[in-house]
Amino acid sequence: MTSPEGSRPLLKVEKLCAGYGALPVLHDVSLEVHRAEMVALIGSNGAGKTTLLRVLSRLLPCSGAISFDGRDLTPMTPDEVFGLGLVQVPEGRQLFDRMTVQDNLLMGSYRRTDKAAIACDLERMYAMFPQLADRRRQLAGSMSGGEQQMCAMARALMAAPVLMMIDEMSLGLAPVIVEQLVEVLEAIRNDGVTVLLVEQDVQIALSCVDRGYVVETGRIVHSGAAKDLIDDPAVRQAYLGV
């Protein structure tokens, strides 16, 4: 589902440059994400995808412009950006390993004040991820990689995100788990949550999103509808091996 032509993007990035100290990583990156879209950011390891998410979450400084729902993000702190509903599921999940699954989920809702709504969303997460319901009292660090990824995504959803950025969702997971997580992405998009999916696995990413951007050495080199990118000879040769 793509937003109407000409509508204001939810997220707009213009000529963004960033890096680590004297090491430049991103060069003149521009992209847009509209409400209720699923958009993929694809590219090989080291292309700059995670760096871009860190910039959007305001964990790294940058030059250029970032607007989210019409607001300038560049002067904001990570907590302020989180409060606007721009929520990240980081690569490696970064759960609180020695806390229970339920306490991890509740940490996602720490800025919310409506206890009834939080309780309702908690039960909604358990319905969406039945494995977590069975393990709600279990320490998060003792679960399998797939269950930990579910927990990380559910924790982000407990923040009531407007836009959820997911970094390497499928990394190291069995195909059956990935299929389940893709179904979750469709469900949350149908609930109105916008998704920016960062993936090395181009086949998985382009099979479930509306549009995609291809990143190489810190630059956007291709963009378009997912169906067009997956048929693009350059993309197929570089990322699909065909």
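Read-outs: derived from the displayed coordinates by stated rules, not from any lab. Note that the structure is predicted; figures quoted are calculated from it, not measured. Backbone-built Cβ (ideal geometry, glycine too); neighbour counts: all protein chains shown.
Points worth noting:
- Segment residue 124-residue 63, extension gain: residue separation times 0.36 nm, minus the distance between their alpha carbons: 18.0 nm
- Loop-located GluC sites (Glu not before Pro) in the range 1-103, at most 15 other Cβ atoms within 10 Å (DSSP): 5
- For 12, 227, order by how many other beta-carbon atoms lie within 10 Å, fewest first: 227, 12
- Packing order of peptides 125-132, 155-162, highest average first: 155-162, 125-132 (average count of other Cβ atoms within 10 Å over each peptide's residues).
- Theoretical ellipticity at 222 nm over the chain - DSSP helices of four or more residues, -39500 (n - 2.57) apiece, nearest 500: -10000 deg cm²/dmol
- Extension gain for residue 237-residue 17 works out to 76.4 nm (0.36 nm per residue, less the C-alpha to C-alpha distance).
- Less than 5 angstrom separates the built amide H of residue 37 from those of 195, all sequence-distant by 5 or more or on a different chain.
- The range 164-242-the range 90-136 distance, computed between alpha-carbon centres (Å): 25 Å
- Paramagnetic reach from residue 7 (point 7 Å along Cα→Cβ, amide N under 17 Å) across the range 72-90: none
- Angle between the chain longest axis and helix 115-128 axis [Cα atoms, degrees, rounded to 10]: 70 degrees
- Our analysis of the range 1-140 gives Rg over Rh at 1.01, with the two radii drawn from alpha carbon positions and Rh computed by the Kirkwood formula.
- Note on the chain: Rg/Rh from Cα positions, Kirkwood definition for Rh, rounded to two decimals, is 0.95.
- Only aspartates and glutamates eight or more places from residue 49 in sequence, or on another chain, were considered; those with a Cα closer than 16 Å are 14, 28, 32, 91, 167, 168, 199, 201, 216.
- Here, the range 100-140 yields an orientationally averaged convex hull projection of 2.6 nm² when only Cα atoms define the hull.
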